[in-house]
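Here is the structure we will look at.
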Amino acid sequence: MEKEKILLIDDDLNVCQSIQSRMRNDQIEVICTTSPKEILENGVVLPHCLVIMDTCLAKTDGMNLLQMIRNSINSPILVLERELSSKRRVALFQARADACLEKPFDLDVCVAQALSLIRLYKGSKGRCRPITFGAELIISRCHRQVLVEGKFLQLTRKEFDLLYCLSSSPGQVFSREQLYAHVWDEVCPIGGDETVKVHIKTLRKKLDSVGKRYIQNVWGIGYKFVLNG
């Protein structure tokens, strides 16, 4: 049976060796690299069940590297980083990291988090992976469920589809016509923009009820998803 592969990106050899020695077994192979060039040339094209990475690699724009990896693969991403402020965590989640741990970290916690993400990936078969922003917000397309800080948020079908569409591209501005085309799967008819407006209004009301304002108006254009809105 072919082993599951974890891609570990970190220029701290002690971190690489400790994670590799703990997680390598008959079912899992841990591929370590300290070279962004090697990642670009070889690493991302391989199938991986998990990526563990430090975004503070020397001479590397770690956030751009994270986004490039996210755009290349559908596997979960665990970020390891020193001095994780709340602002930095939000930025990493908006760049589509799935989880973050602050260095120095407890190795047992790191391994447990990694295995949990792998189970999530395998359970969804990598094709219907939930959109996650840490523990704050989880949107499962397979189960059509939304969890806000661990509590289910009841949405209608169109409300869910609108939230899923917007949250799939944090910060991107969508016009009402674009949202209609994505969610209703047809060209926006006359009056279709008002239909979107009504559904967005009810969706925002439900989010407001749990203290979240993820959907923001962009005056004269449309709407965007902002995690810390």
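The values are calculated or read from the model by the stated rules, or taken from the named source; none is laboratory data. Remember, predicted model here, so these are calculated numbers, not experimental data. Ideal geometry is used to build each Cβ from the backbone, glycine not excepted, and the neighbour counts take in all protein chains shown. Heavy atoms of the whole protein, side chains included, go into the accessibility calculation; ligands, DNA and RNA do not. Shrake-Rupley method; radii C 1.70, N 1.55, O 1.52, S 1.80 Å.
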Quiz prompt | Spacing of the two label points (7 Å from each Cα toward its C-beta) at Lys103 and Thr34, in nm | solution = 1.1
Quiz item: Any idea of the accessible area per residue across the chain, 1.4 Å probe, to the nearest Å²?
Solution: 54
Quiz item: How much length is gained on full extension from Ser175 to Trp219, taking 0.36 nm per residue of separation minus their Cα-Cα distance?
Solution: 14.8 nm
Exercise. Rank-order 21-30, 176-185 by packing density, defined as the average count of other C-beta atoms within 10 Å over each peptide's residues, highest first.
Key: 176-185, 21-30
Practice problem: Just grab the label-to-label distance for Met63 and Ser116, each label 7 Å out from Cα along the Cβ direction, in nm (one decimal). | Solution: 2.6
Quiz item: So which aspartates and glutamates pass the test for Lys205, namely a Cα distance under 13 Å, with those fewer than 8 places away in the same chain ruled out?
Solution: Glu159
Quiz item: Taking the Cβ-Cβ separation of Ala91 and Lys201 as r and a Förster radius of 30 Å, what is the calculated FRET efficiency to the nearest 0.05?
Solution: 0.55
Quiz item: Could you work out the helix-only [θ] at 222 nm for the chain, with each DSSP H run of four or more residues adding -39,500 (n - 2.57) and the total divided by the number of residues, to the nearest 500 deg cm²/dmol?
Solution: -12500 deg cm²/dmol
Exercise. Tally up the carbon and sulfur contribution to the accessible surface of segment 136-229 as a whole percent, 1.4 Å probe, everything protein left in place.
Key: 50
Self-check item: Exposure of His143 as accessible area (Å², to 10), given a probe of 1.4 Å and all protein chains
Solution: 130
Exercise. Could you pull the Cα extents of the chain along its three principal axes, largest to smallest, in whole Å?
Key: 59, 38, 34
Quiz prompt | Stretchable slack from Lys3 to Cys142, in nm (0.36 nm times residue separation minus alpha-carbon distance) | solution = 47.5 nm
Quiz item: Put +1 on the Cβ of each Lys and Arg and -1 on the Cβ of each Asp and Glu in the chain; which of Cys16, Thr156, Pro130 then has its Cα farthest toward the positive end of the dipole?
Solution: Thr156
Practice problem: Using a 10 Å cut-off on Cβ atoms, rank the peptides 96-102, 198-204 from the highest mean neighbour count down. | Solution: 96-102, 198-204
Practice problem: Using Cα pairs closer than 8 Å and at least 6 residues apart in sequence, work out the relative contact order for segment 127-188, in percent. | Solution: 19
